[in-house]
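Report on the following structure.
The values are calculated or read from the model by the stated rules, or taken from the named source; none is laboratory data. Just so you know, these numbers come straight off a predicted model, no measurement behind them. Neighbour counts run over all protein chains shown; Cβ positions are idealised from the backbone, glycine included. Each accessible area value is taken on the protein alone, full model and side chains, heavy atoms only, with ligands, DNA and RNA left out. Shrake-Rupley method; radii C 1.70, N 1.55, O 1.52, S 1.80 Å.
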Amino acid sequence: MIRFLPGPDLDDTKNSWIVDDGRPPRHQFKGYHLDSLQRPTFIYRFDNVRVEDYCVDLIDASSGAPTLKRKIRFESEMPRNGLAFRVASGSSIEKVDDTRFRLNQKLLVQVDDQHAAEIVDSADETRLVVPLRLAAGVTELEVHYSW
């Protein structure tokens, strides 16, 4: 089981990552829709950026391992810099190679080769984040979680 932490995954890099039981003031939940297998795509806005977050479970063809593919679509009418997307959090994250990271010595997280992930340490957790420079239009990020 993969447990995603509460709080916003998309935030401004100038803001500290505040996670609590309240709703983040700059995020607006806009609903969801289901695909033919009843898997949800969650939709929200962060400032002027529309976000669609969709996950699908797969079996890796080469290893036979269960995998969760997460596809995040960002849409902005104008370019937007200074954003970061949190793809994982834990007590430890180690870099395996340029696109793969090991979370808590178990979960393998792979970020598509169009983006560069960074490990960020804080007092209470270690985060794997993808800095985003959004062009006007659509930007997509794909992340695979496997064992």
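Data for the structure
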read-out: Hits among lysines - C-alpha to C-alpha of Lys14 under 27 Å, sequence gap 8 or more where chains match; value: Lys30, Lys71, Lys95
read-out: Average accessible area per residue (Å²) across the chain - probe 1.4 Å, nucleic acids and ligands excluded; value: 61 Å²
read-out: Apportionment of accessible area to carbon and sulfur, the chain, percent (1.4 Å); value: 49 percent
read-out: Global geometry of the stretch 1-131, whether rounded, prolate or oblate, following the gyration tensor of its Cα atoms and the 1.5 cut on a/c; value: oblate
read-out: Where GluC sites (Glu not before Pro) fall in DSSP loop in the stretch 63-147, at most 15 other Cβ within 10 Å; value: Glu77
read-out: Gln114-Trp147 FRET efficiency (beta carbon distance; Förster radius 30 Å; 0.05 resolution); value: 0.80
read-out: The stretch 46-95 shape via C-alpha gyration tensor axes, a/c threshold 1.5; value: oblate
read-out: Which of Lys14, Lys106 is most accessible, then next, and so on - probe 1.4 Å; value: Lys14, Lys106
read-out: Theoretical gain in end-to-end length, Arg26 to Ser122 [0.36 nm per residue, Cα-Cα removed]; value: 32.3 nm
read-out: Pairwise FRET efficiency - Gln105 versus Lys14, Cβ, R0 = 41 Å, nearest 0.05; value: 0.80
